[in-house]
Amino acid sequence: MGRTRFPEADRLLITADASGSNGYRLRAWQVHLVALAAETGLAITVCHYPTGGSKWNPIEHRLFSQISINWAAVPLRTVLTMLACIRGVTTGTGLRVRAWLNSKHYEKKIKVSNAEMKALNLERLSICPKWSYTIRPQPRGGP
């Protein structure tokens, strides 16, 4: 979606929680980001909120409250009902939500060795280096 609005962009910023499937310690998350950087040609900077810090995430504040209002008193009995409620959100500033069901099967318990991690060449940022890094695109066939 971003390519259409920002065709000249050469970088992407991702803010993410410190835990869950996109946690700062999860090696598979970082390996997949390297693949995304190679596929898109974008430098990807990730800044993880500290544990319990997602309350400072501006996206959550702008969207989740609106989503909660939109599905208030609606029985969420199916995924399709939930998606319809999420898709129906528009904020006062015109932000519209897009949502879809991703039914792709993802492999679990992917093991990434220390050598593979070293080959990723994560560039740690000077501020909160444990939680913040940039991944530069590498040619396909690289690590």
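The numbers here are math on the coordinates, done by the rules we state, and not lab data. Small disclaimer: the values here were computed from a predicted structure and weren't measured. Neighbour counts are summed over all protein chains in view; Cβ atoms, including those assigned to glycine, are modelled from backbone coordinates with ideal geometry.
Structure data summary
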read-out	value
Environment charge at residue 110 (Cβ cut-off 13 Å; Lys +1, Arg +1, Asp -1, Glu -1)	+2
Antiparallel bridge percentage (DSSP; both residues within the chain; nearest 5)	55
Relative contact order of the chain, pairs being alpha-carbon contacts under 8 Å that are 6 or more residues apart, as %	31
Translational diffusion of the chain, µm² s⁻¹ [Kirkwood Rh, Cα pairs; Stokes-Einstein; 4 °C; 1.567 mPa s]	74
Cα centre as origin, Lys/Arg/Asp/Glu Cβ charges: the chain dipole, Debye	240
Candidates 65, 132, 21: whichever shows maximal mean-square fluctuation once the chain is modelled as a Gaussian network with Cα springs under 10 Å	65
From phi via Karplus (6.51, -1.76, 1.60), per-residue ³J(HN,Hα) for the stretch 25-31 in Hz, x at Gly/Pro	9, 7, 5, 4, 4, 5, 4
Qualifying chymotrypsin sites (Phe, Trp or Tyr not before Pro) in the stretch 54-99, DSSP loop, other Cβ atoms within 10 Å at most 10	none
Longest segment of the chain lacking trypsin sites (Lys or Arg not before Pro) that sit in a DSSP loop with at most 10 other Cβ atoms within 10 Å	1-76
Using θ = phi - 60° and Karplus 6.51 cos²θ - 1.76 cosθ + 1.60, couplings along the stretch 59-76 (whole Hz; Gly, Pro as x)	5, 4, 5, 6, 9, 5, 5, 5, 5, 4, 5, 5, 9, 4, 6, 9, x, 8
Cut-off under 5 Å, modelled amide H: who pairs with residue 11 long-range	43
